[in-house]
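The values are calculated or read from the model by the stated rules, or taken from the named source; none is laboratory data. If you're wondering where the values come from, they're calculated on a predicted model, not measured in any experiment. Here the Cβ positions follow ideal geometry from the backbone for every residue, glycine too, while neighbour counts run over all protein chains shown.
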Amino acid sequence: MSDWLAEATTNHAIIDAARARLESDVWDYIAGAAETETTARRNRLAIDSLALCPRVGRDVENVDTSGHLLGQRLRIPVLLAPIGACEAITTDGGIAQARAAGRFGIAATISSVTEPSFEAVGAASAGPKISQLYIRGDEDWANALIDRVRDAGYLATAITVDSAYYSRRERQLRSGWRPPTHIAGQPEPGIVWQSRLTWDWIEQMREHSGLPMVVKGIQTASDAEIAVEHGFEVVWVSNHGGREIDHGEGTIDILREVSDAVAGRAEIVVDGGFMRGTDIIKAIALGADAVAIGRLQALALAAGGEEALVRVLELLEEEIRVSMGLLGVVNLGELDRGYVKAAQALPATSSLLAAFPEHPLDWPSAP
Ligand code: FNR
């Protein structure tokens, strides 16, 4: 590990490095969201509107931060969210994600719109990997892609269901920057298939693959119920980090009702604004099995690729360990709703900033 990373004692420092290294258009691709960015801000606001309720007088010398998902042990209850165009953030793209996750001991979700191929990323690390698919063709197209990821050793298929259209991301519209799969001013080739995606088609994909099915982008208890009725193994509560529908709800608020609806019949992942150990603990207390990180991961990769991402995960682990001890719990199974309660959030003006308060408020897009 390089000197500056070994000396980075907070994730704040790594985010600072990302800000300094990134071109403003790629920074905006990562940090930005749809239209007014209200959904993204609500993700943070909802997390910040929960207080933790510590218990004392217990022996908390030995804290176990590990969790489980899809039969895999996770060193911390964290999953790498899929990041499209990862190669625009760090040169080896999805390989850096898979290797960092494998080295640290968590699972990585690899996007179908990131480079290099699912096969190259699969071969780069023996750690557990989930393939995330956008549907850009008909049934034969989707089945062929599913065959490839199964053959490449991915442990589950995740279908993103919150992206029937590519949203209006105004930072990108202003700068003109597009992910490499897009041609400026034109719809992404094949994106119409994503708007034709139905529950029945997802079930067909599940049958074709023989792999566990993860449905990423559930935003209501009603849809969580449908996912469970279809027998899907993982319900992933997400609004795409506020990058799709604007004026949505904060995901940690949705988590509570989804957890009631699922009632133990599927595993639950949540993402949206999670940056800190305490954020993750709140989600576990409200019923999540694991929390996925998107922007925190992307910024780590921008700061220093695989090495910086491993360092961010180490620091996140330390935050989780210390906070669990301070809450009076020694394993995640002890966390329940009694450890969180509604509280007034402190004012914050951006989705990222509430977690990193030393930054000048706003982290505006560079001119
Ligand atoms: C994403 N996200 C995403 N989701 C997905 O299903 N496929 C993808 O290719 C991408 N690409 C992508 C790129 C970038 C730069 C970001 C920031 C996000 C959404 C991602 O998986 C996750 O749902 C959110 O990022 C979670 O919110 P936070 O952690 O970023 O606040």
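Observations
- Tyr166 modelled with pLDDT under 95 and either of a type outside the set (D, E, K, R) or surrounded by 14 or more Cβ atoms within 10 Å (Cβ to Cβ) (or both): yes
- Residue check for Ile226: modelled with pLDDT of 95 or more, crowded, with 22+ Cβ neighbours inside 10 Å and aliphatic (A, V, I, L, M): no
- Restricting Arg42, Arg103 to residues that are in a helix (DSSP H, G or I), within 13 Å of the ligand (Cβ to nearest atom) and closer than 30 Å to Val329 by Cβ narrows the list to Arg42.
- Where a residue in the stretch 133-146 is of a type outside the set (A, V, I, L, M) and its partner, wherever it lies, is exposed (fewer than 13 other Cβ atoms within 10 Å of the Cβ) and in a loop (DSSP other than H, G, I, E, B), with Cβ under 8 Å and at least six apart: Arg136/Pro189
- Single residue of Ile226, Ile159, Ile268, Ile191 found to be under 24 Å from Ser49 (Cα atoms) and out of contact with any Cys (no Cβ under 6 Å at 6 or more places or on another chain): Ile268
- Contact map, the stretch 191-208: first residue farther than 13 Å from Ile159 by Cα, second residue among the charged types (D, E, K, R), Cβ cut-off under 7 Å, separation 6 or more or different chains; pairs are Ile191/Arg136.
- Considering the stretch 106-125, the residues that are touching a strand residue (DSSP E or B) at 6+ places or on another chain (Cβ under 7 Å) and away from the ligand (no atom under 14 Å from the Cβ) include one that is nearest to Thr181 (Cα to Cα), namely Gly122.
- Looking across the stretch 51-84 at every residue that is outside any loop (DSSP other than H, G, I, E, B) and within 16 Å of the ligand (Cβ to nearest atom), the one that is surrounded by the fewest Cβ atoms within 10 Å (Cβ to Cβ) is identified as Leu69.
- Filtering the stretch 2-28 to residues that are exposed (fewer than 13 other Cβ atoms within 10 Å of the Cβ), in contact (Cβ under 8 Å) with a residue 60 or more places away in the chain and within 21 Å of Cys86 (Cα to Cα) leaves nothing.
- Given (1) within 16 Å of the ligand (Cβ to nearest atom); (2) crowded, with 19+ Cβ neighbours inside 10 Å; (3) not basic (Lys, Arg), number of the condition Pro128 does not satisfy: (1)
- Unmet criterion (only one of (1) within 14 Å of the ligand (Cβ to nearest atom); (2) closer than 25 Å to Asp25 by Cα; (3) surrounded by fewer than 20 Cβ atoms within 10 Å (Cβ to Cβ)) for Arg136: (2)
- Search result, residues across the stretch 279-309 that are under 16 Å from the mean Cα position of the chain (by Cα) and either more than 10 Å from the ligand (Cβ to nearest atom) or free of Cβ contacts under 8 Å to residues at least 12 places away in the same chain (or both): Ile280, Ile281, Lys282, Ala283, Ile284, Ala288, Asp289, Ala290, Ala300, Leu309
- If you filter the stretch 85-100 down to residues that are away from the ligand (no atom under 15 Å from the Cβ) and more than 16 Å from the chain's Cα centre (by Cα), you find that the one that is surrounded by the fewest Cβ atoms within 10 Å (Cβ to Cβ) is Thr91.
- Qualifying residue in the stretch 95-103 (condition: among the β-branched types (Val, Ile, Thr) and farther than 17 Å from Arg311 by Cβ): yes
- For Trp193, the criteria (1) in a helix (DSSP H, G or I); (2) surrounded by 14 or more Cβ atoms within 10 Å (Cβ to Cβ); (3) out of contact with any Asp or Glu (no Cβ under 9 Å at 6 or more places or on another chain) hold in every case but one, which is (3).
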